[in-house]
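Below: the structure, in structure tokens.
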Amino acid sequence: MMMVAPLFLVEKLKLSHKPGRMSIPDGRSIRVEAILFDSGAEGDNYVSGSWVEQNNLQEFLQPVQRNVVVADGKKTQLTHKVAFPVSFMDDSGVEHVAHLDFMVFPGMTKEVIIGFKDMVLHFSKVFAEIVNFARDVLEKRREQKGESVCEMDSEFCDGAVANVDTGATVSDAGDLVGYPVDGDERKFVEPWINPVDEVAEEESSLPDPATFGGFHFMEVPTEVAQEEFRKEVPNRIDPEFGRKKPVLRLLLLFMSVFVATEWTGIVGIPLLKFNVRDGIPDRIKPRRVFVHKKYQEAMVNELERLKKYHLRPSDSPYASPLVVAPKATYPFIRLCADYRIINKWILCPQFPIPDVRKELEKASGFTIYCDLDMSNAFHNIRLDPLTSTLLSIQCPTEQLEPMFMPEGCSPASGVLMSVVYTIFEELDDCYL
């Protein structure tokens, strides 16, 4: 059930918090909806112990000895820290990034806290926006109540900017979405916090932008796709048109146009080569992964399908473990590799990833739109042979390596965006 938050609580959260993103060394990017800018924390930054556990960051812990005096005067000894980049987007859409150390604070209710030193050194513009927002809120309240700032009620006066504690944990912040309720004059709707699961009426009324959505060679074995094509294609032909033209015979004759028998990926772009850090080991042995017996048959069938276009035998000294995950649709499992270890050695370029909110604002000025099917997009990018060996996968009975970019390697999203922009770079009058 969605929690209705009065305006003062949402505003009070914004007086001291900003959404941010933490870039983890294993390639993950974790969004934190409310990071506290704490001017009372003079020297260090902090993350809660529960947040570290929730996001499986234990392998990145570093030993440290630090005594911290908290607000009630008690002294607490901290024994670990983590270090990674954190980024904030200011109100003009500019990203501010800094690589920071975070002391791990067990029992802390806030997930992430930025201390005063790094607020000033690295995020001064973002902090200034928080202060300006606080000033605007206080002045607005003063005008509404006809009071001086010092006479205003304590809901805003108690530590308005410096070291504000709203009483709401960060997990509550995701629910701070208000809708008009009886008797509440302070109404607020905060966009982009909670995802909307319902499908819009307009969306459900649009046809699937594909002639034969189920016949992708990437999704099912070629033989299955061809058989389904033969069954379905007569139902897709207008009867009158079919009587006048031999369209059915032509569609079956040229079935390979609709149901591919080989996969080449995108042609005309260089093979993808990953660069690695100095000092990479000569050999990386993967951990053993247990595959439950109820998934073993499906796993074998899916591997056989992938070996027709995506995977080939490998003798690479580098290997990552195969991961088998269940899913609701055919083939009812998803195969991927756990690339967390090798990702630490792969250099990850920082190609810009669009922010959906900003992109929607830019796209709103256009009148013609095209919906591109990006299914299996990674598998369109062919790998350099040495990169294939880096991404080798250890399966229960064999070792295989991908010929196309797989899911899970840290540069993948940036590489895909780079390729997409390259493909459309000659279209001057369009926006992607």
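The values are calculated or read from the model by the stated rules, or taken from the named source; none is laboratory data. From a predicted model like this one, the values you see are computed outputs, not experimental measurements. Neighbour counts run over all protein chains shown; Cβ positions are idealised from the backbone, glycine included. Areas reflect the complete protein model, heavy atoms only, side chains present, ligands, DNA and RNA absent. Shrake-Rupley method; radii C 1.70, N 1.55, O 1.52, S 1.80 Å.
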Meets criteria (modelled with pLDDT under 90 and of a type outside the set (Asp, Glu)) for residue 323: no
Extreme residue, surrounded by the most Cβ atoms within 10 Å (Cβ to Cβ), among residues of the stretch 361-388 that are out of contact with any helix residue (DSSP H, G or I) (no Cβ under 9 Å at 6 or more places or on another chain), farther than 13 Å from residue 272 by Cβ and among the hydroxyl-bearing types (Ser, Thr, Tyr): 375
Condition broken by residue 116, with the remaining ones in (1) of a type in the set (A, V, I, L, M, F, W, C); (2) open to solvent by 40 Å² or more (accessible area, probe 1.4 Å); (3) modelled with pLDDT under 85; (4) under 24 Å from residue 77 (Cα atoms) satisfied: (3)
Among (1) open to solvent by 40 Å² or more (accessible area, probe 1.4 Å); (2) free of Cβ contacts under 8 Å to residues at least 40 places away in the same chain, the one test that residue 55 misses: (1)
Any pair with Cβ under 7 angstrom, 6 or more apart, that starts in the stretch 301-326 at a residue that is over 26 Å from residue 266 (Cα atoms) and ends at one that is open to solvent by 80 Å² or more (accessible area, probe 1.4 Å) and in a strand (DSSP E or B): 325/334
Entirely in the stretch 261-349, the strands (runs of 3 or more DSSP E) that have 3 or more residues that are open to solvent by less than 70 Å² (accessible area, probe 1.4 Å) and either among the charged types (D, E, K, R) or under 19 Å from residue 377 (Cβ atoms) (or both): 333-337
Failed condition for residue 355, given (1) open to solvent by less than 70 Å² (accessible area, probe 1.4 Å); (2) over 30 Å from residue 20 (Cβ atoms): (2)
Residue satisfying all of: in the stretch 409-428; open to solvent by less than 20 Å² (accessible area, probe 1.4 Å) and touching a helix residue (DSSP H, G or I) at 6+ places or on another chain (Cβ under 7 Å); farthest from residue 303 (Cα to Cα) among these: 412
Identity of the residue in the stretch 196-226, open to solvent by less than 80 Å² (accessible area, probe 1.4 Å) and at pLDDT 70 or above, that ends up nearest to the chain's Cα centre (by Cα): 200
Qualifying residue in the stretch 410-432 (condition: touching a residue at least 60 places away in the same chain (Cβ under 8 Å), assigned to a loop (DSSP other than H, G, I, E, B) and touching a Ser or Thr at 6+ places or on another chain (Cβ under 7 Å)): no
Close pairs from the stretch 233-261: first of a type in the set (Phe, Trp, Tyr), partner assigned to a helix (DSSP H, G or I), Cβ under 9 Å, at least 6 apart: 241/247; 258/225; 258/229; 258/233; 258/251
Entirely in the stretch 62-107, the strands (runs of 3 or more DSSP E) that have 3 or more residues that are touching a residue at least 24 places away in the same chain (Cβ under 8 Å), farther than 14 Å from residue 118 by Cβ and touching a strand residue (DSSP E or B) at 6+ places or on another chain (Cβ under 7 Å): 62-69, 75-89
Residues satisfying the stated conditions in the stretch 389-408, i.e. open to solvent by 20 Å² or more (accessible area, probe 1.4 Å) and outside any helix (DSSP H, G or I): 394, 396, 397, 398, 399, 403, 407, 408
